[in-house]
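Asker: Next up is a structure, given as C-alpha cells.
What follows draws every value from the coordinates through simple rules; no lab data is involved. Computed from a predicted structure; not experimentally measured. All Cβ positions, even for glycine, are placed from backbone atoms using ideal geometry, and neighbour counts span all protein chains on display.
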Amino acid sequence: MAVTTEKTYCRFCHNYCAFEVDIENGRAVAVRGDASDPIYGGYSCIKGRQLPEAHAHPERVTRPLKRMPDGTYEEIPLAQALDEIAARVKAIAAKHGKRAIASYCGTYAFMNSAALAVSKAWHKGFGSESYYTSVTIDQPSKAIAASRAGAWSAGMHGFHESDVVMHIGNNPIVSQFTPFGGTPPWNPVKELRDAKARGMKLIVVDPRRTDMARRADLFLQIRPGEDPTFLAGLIRVILDEQLHDRAFCAQWMNGLDKLHRAVSEYDLAYVSQRTRLPQQQILDAARTFARAKRGVAVTGTGPDMSPHPTLTEHLVLALNLICGRVNRAGEKVPNPGVLTPVTPKKAQPTGPFPMFGHGPRSRVRNLGEIIGEMPSAALSDEIVLEGEGQVKALFAVGGNPLVAWPDQQKSMKAIDALELLVCVDIKRAATAKHADYVLPGKMCLERADVPVLCDTWYEAPYTQYTPAVVDGPAGSELIEEWELYWELAARLGTPIRLAGGELPLDRKPSKEDVLDCMLAGGRIPFREVRNNRGGMVYAQVEQFVEPADASCDKRFEMTPEGVIEELATVRRESLVEPFSHRLISRRMRQVYNSSGRDLPDSRARGTTNPAFMHPHDLEELGVRSGDVLEIESAHAMIYGVAEAAEDVMPGVVSMAHAWGDPAANPKEVREIGASTNALISNEVDFDPITGMARQSAIPVNVRRAAVLI
C-alpha cells in the first residue's frame, strides 16, 4: 500500500507542534514538523518525533485489563469492563455517598480536547465535588494571584512587542511551555534570536545557567526558594527610585503605599544576603525592567513549586502592574481567541474575584476548593482519612498519581486503600499497576482534537483541527477519557451538560459532536475550523482594546488579605538551616513528566534522572559522576545518580521530577530513576490557599551511598 501524508499536530506535551505524518497500512511510519505551518514553521522536539515508536510500543495496553483475586490481570471486553465499573460506582455511592467517587485528571487529560470538560460535567451531573486535576499541584498560584488582586480586561504585554522579558525559574527551550508574554515555546530559540535582533533585552533569574540563561543579557543565579525575597527587593528599588508608572498606579490601584512599606524591609543588603545575588545585579535587573516601555515578567514550575508560591505570583503580578505592562485603549489585542466566545477587552481592571474560599471544603488542613476544583495536594488524605466524605473510588485519567502527587509514601497508602481504582492509560505505569481496571487509552494520532487549552496563548488568532489519522493496533479496544465518562453517564442515567447543551445518552456522540457542543458560541464556529487541514491564522479575528467605562470603579488590590503577613513571615525566616543543599526541579528534553522514558531515542539519552550538582560539591563529597548518592530530606531518603554540571549553583541538587516507581527496588535507580516527591510531606511547608506542598527548593543532605549500587 502506498504511503500517504496527513497534517496533524502532536499531543505529547501542550506545545502542540504542527506535524506531517506519513502513514502506511493505517500506521504512522514517520513524523516531522510541518514547515508550512504559520506558527511552528517545522519546529518539533525529540519527544514528538518518536510518536510512531510510542504508538507501536510493545508494552502498550490495547485491551481492558481486570485485576483478578490473585493479583494477576486478565483481558476482558470493553463493554464488560464498563458495565462492572458502573455497577461498582453505583454501589459505592449508595453506601458512602457521591463524594466518595473522585477523578484525578493528569497532564495528559489536558492534551485531549474533550477530556476535562466532559469529566467535570460528569461530576456535576453525578453530584460529586471530588474532582481533581494536575493544575492544582503545578501552577495554581498564577490563577489565585490574579483572582485576589484583579486582572486587566485587555491583557498584559506580549513577547513580540516587548522591549524586555524577565524569565524567573522557567526554561521554555526545554520545557516547551511558558505563560503568555514569555518566550513562545514554538521554536523558542528562533523566537529569542529574532527578538534580540530587534533589541529586546532578556533577564533570566534561575539557580541554573539554563538554556535560557545562556542567551540572557542579564543572568541572576539565585539561591533556590528565594524568589519572593528577590521580587520584594526588586519592587522596593522600583518604587524607591520612582521608576513605576505613577499615572497608571494612581488611577487603578489600591494599597500601593502599603505594599511599598512592606517591601521596605527588603533592602539591598538583606536581599543580596538571602538570594546570594550581587547588589548591583539586583539594581540592574530592576532598572532594566522598569525603564523599558513595554515588557513582561513570567515564572514557571520552579518558583510555583517552591516555598510561598502564591506570594511569589502576587509579587510578579505586582511587578508587571506597577510598571504599567498592560494593553491600552486603541491597541490591537494580539489574540482574542478563535474557539472562545467574543468578550469585551477594555482598558480597565476586572477587579478582585477570589477563586478560593468558597464552594466545597476539603476535610484536611482547612483547604477549600480552588479555581473550581478540589486541591489535588490533599487527595491522598481524602482517601485515607475515614469518615463522612471519604474518597473510596478514583478514576485516574491521563495521569500517574504515584509519581506526581506530593508525599509518595502517603500516596501509595492511599492508592492501595481504594475500593475501586480505574486507570485510563497506554501502559501499566506505576499507578496502573495497582488498578482494578486498566482501560487502554487512545493515543494522539488515533483521535480527533483541537487545541482548546491554548486557544488564547498564541500571539496570533491561530488554531488547528485534526481528525484521527491512524488506526489503533489490530484487535485493540481503545477508549478516550471523555468516552469513559459518557459510558458511565449512559449506564447511570446522569446528565453531561456542556456549553451547547446536554450530550445525548441514548446514542453515543462522535468526538466531533462533543466538540461542537463544548465550543458552542466560539468566535469562529468549530464546524468551520474542522473543515480546514493544518494550522491556520484566522486573520478575520481582530479586536482592539476599548476605552475604560466612565463608571468603572474597579481597582487592583495590591495588598489583598494575607500578602503583608506573608511578606513579614518570609522576612522573619532564619537564614540558617540544618541541611547542606537545596534540591530543585527541572525538565529534561527527552521526557515529559513520567512519559517517554521507555522510548528508544529517549533511553539513548539516559535511563535515569541524574542528580546534577556542581563539580566542586561532588569533589567535597568524594563523589564522581556516575556514583550513587543518598539524598535525604526531613521526611525521607532517595538515591540519585551523581552527574557533574557546571551550570548548577553550588549548594544545589537539580533533578527532574516524576521518575521512579515506588513499587520497585530503589536500588534500580540507574534504570528507572527516583521520585523527588518521595522527599516531601504534604502536611508541612504547604501553601495555605492551594495546599501545594514544597516540591522544589527542598532542603536535603547529600552523601555518597553507603552501599555500592
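Asker: Taking the Cβ of Lys345 as the center, what net charge do the other residues with Cβ under 14 Å away carry, scoring Lys and Arg +1 and Asp and Glu -1?
Answerer: It works out to a net charge of 0.
Asker: What ratio of Cα Rg to 2.2 N^0.38 Å holds for the range 639-709?
Answerer: Here the answer is 1.24, to two decimals.
Asker: Further question on the same structure: First obtain the Kirkwood hydrodynamic radius of the range 478-575 from its Cα pairs, then insert it into the Stokes-Einstein equation at 20 °C and 1.002 mPa s, and state the resulting D in µm² per second as a whole number.
Answerer: Stokes-Einstein gives a translational diffusion coefficient of 112 µm²/s.
Asker: Follow-up. Quick one: Cα centre-to-centre distance for the range 531-546 and the range 561-582, in angstrom?
Answerer: Going from one Cα centre to the other spans 46 Å.
Asker: Can you pull a Stokes-Einstein diffusion coefficient for the range 4-55 at 4 °C (1.567 mPa s), Rh from Kirkwood over Cα pairs, as a whole number of µm²/s?
Answerer: Estimated via Stokes-Einstein, D reaches 119 µm²/s.
Asker: What's the center-to-center distance, using Cα atoms, between the range 419-455 and the range 1-76 in Å?
Answerer: Taking the Cα centre of each part, the range 419-455 and the range 1-76 sit 14 Å apart.
Asker: Let me ask something else about it. Using a 7 Å offset from Cα along Cα-Cβ at Arg571, what residues in the range 231-247 end up with backbone N under 15 Å from the label point?
Answerer: Answer for this model: 231-237, 240.
Asker: Provide the net charge surrounding Val470, with neighbours chosen by a C-beta distance below 9 Å and charges set as Lys +1, Arg +1, Asp -1, Glu -1.
Answerer: -2
Asker: In addition: Using the Cβ atoms and a cut-off under 10 Å, what net charge is assigned to the surroundings of Pro172, where Lys and Arg are +1 and Asp and Glu are -1? Mind showing how you got there, number by number?
Answerer: Numbers: positive: Arg587; negative: Glu191, Asp211.
With Lys, Arg at +1 and Asp, Glu at -1, the neighbours total -1.
Asker: With a 10 Å radius around each residue's Cβ, average the other Cβ atoms per peptide and rank 71-77, 23-29, highest first.
Answerer: 23-29, 71-77
Asker: If you don't mind, there's one more thing I want to ask. How large is the Kirkwood hydrodynamic radius of the range 146-224, counting all unique pairs of alpha carbons, in Å?
Answerer: Every distinct Cα pair counted, the radius reaches 13.1 Å.
Asker: Same structure again: For Ala269 and Leu621 in one chain, what is 0.36 nm times their gap in residues minus the Cα-Cα distance, to one decimal in nm?
Answerer: On the way: separation 352, 0.36 × 352 = 126.72 nm, distance 3.12 nm.
Separation in residues times 0.36 nm, less the Cα-Cα distance, equals 123.6 nm.
Asker: Moving on to the next point. Once the Cα gyration tensor of the range 322-402 is diagonalised, what are the square roots of 5 times its eigenvalues, in whole Å and ordered largest first, as equivalent ellipsoid semi-axes? Could you put the intermediate results ahead of the total?
Answerer: Values: eigenvalues 302, 58, 26 Å².
Result for the range 322-402: semi-axes of 39, 17, 11 Å.
Asker: While we're on this one: So what are the range 435-487's ellipsoid semi-axes, whole angstrom, largest first, if each one is the square root of 5 times an eigenvalue of the alpha-carbon gyration tensor? Before the final figure, lay out the partial values.
Answerer: On the way: eigenvalues 150, 43, 13 Å².
Gyration-tensor ellipsoid for the range 435-487: 27, 15, 8 Å.
Asker: Using Cα-only point scatterers and the Debye equation, what is log10 of I(q)/I(0) for the range 576-704 at each q in 0.15, 0.20 Å⁻¹, rounded to two decimals?
Answerer: At q = 0.15, 0.20 Å⁻¹ the computed log10 ratios are -0.68, -1.18.
Asker: Here's another thing I want to ask about it. Per residue, what volume in Å³ does the convex hull of the Cα atoms of the chain enclose?
Answerer: Output value, Cα hull per residue: 155 Å³.
Asker: Two-decimal Rg/Rh of the range 29-132 from alpha-carbon positions, Kirkwood Rh?
Answerer: My calculation of the ratio gives 1.10.
Asker: May I ask you to list the aspartates and glutamates whose Cα is less than 15 Å away from that of Lys7, ignoring any residue fewer than eight positions away on the same chain?
Answerer: Output for Lys7: Glu20, Asp22, Glu24, Asp34, Asp37, Glu446, Asp449.
Asker: Additional query: Highest first, please rank the peptides 597-603, 48-54 by the mean number of other Cβ atoms sitting within 10 Å of their residues.
Answerer: Sorting 597-603, 48-54 by mean packing, highest first, produces 48-54, 597-603.
Asker: Another question about this same structure. For the chain, calculate the relative contact order in percent as a whole number, restricting contacts to Cα pairs under 8 Å that are 6 or more residues apart.
Answerer: Details: 1606 pairs, mean separation 137.4, N = 709.
Here the relative contact order equals 19 percent.
Asker: Rounded to two decimals, what is the ratio between the C-alpha radius of gyration of the range 529-631 and 2.2 N^0.38 Å?
Answerer: The reported ratio for this selection is 2.00.
Asker: Could I ask something else about it? Using 0.36 nm per residue, how much length does the chain from Ala250 to Arg361 gain when fully extended, once their Cα-Cα distance is taken away?
Answerer: 36.2 nm is the gain from fully extending Ala250 to Arg361.
Asker: Relative to 2.2 N^0.38 Å, what does the C-alpha radius of gyration of the range 497-545 come to as a ratio? Two decimals please.
Answerer: Normalised by 2.2 N^0.38 Å, the Cα Rg of the range 497-545 equals 1.40.
Asker: Quote the Stokes-Einstein diffusion coefficient, in whole µm² s⁻¹, for the range 404-451, based on the Kirkwood radius over alpha carbon pairs, a temperature of 20 °C and a viscosity of 1.002 mPa s.
Answerer: 174 µm²/s
Asker: Which order do the peptides 176-184, 266-274 come out in when sorted by mean C-beta neighbours inside 10 angstrom, highest first?
Answerer: 176-184, 266-274
Asker: Measure out, as a whole number of angstrom, how far apart the alpha-carbon centroids of the range 172-195 and the range 120-161 sit.
Answerer: The range 172-195 and the range 120-161 have Cα centres spaced 22 Å from each other.
Asker: Can you give the helix-only mean residue ellipticity at 222 nm for the chain, where every DSSP H stretch with n ≥ 4 adds -39500 (n - 2.57) and the sum goes over all residues, rounded to the nearest 500 deg cm²/dmol? Could you put the intermediate results ahead of the total?
Answerer: Details: 23 runs with 198 residues, N = 709.
Value at 222 nm, helices only, nearest 500: -7500 deg cm²/dmol.
Asker: Using only C-alpha atoms and all pairs of different ones, pull out the Kirkwood radius for the range 402-561 in Å with one decimal.
Answerer: 19.9 Å
Asker: 7 Å from Cα along Cα→Cβ at both Glu671 and Asp70: what's the point-to-point distance in nm?
Answerer: In this crude label model, Glu671 to Asp70 measures out at 2.4 nm.
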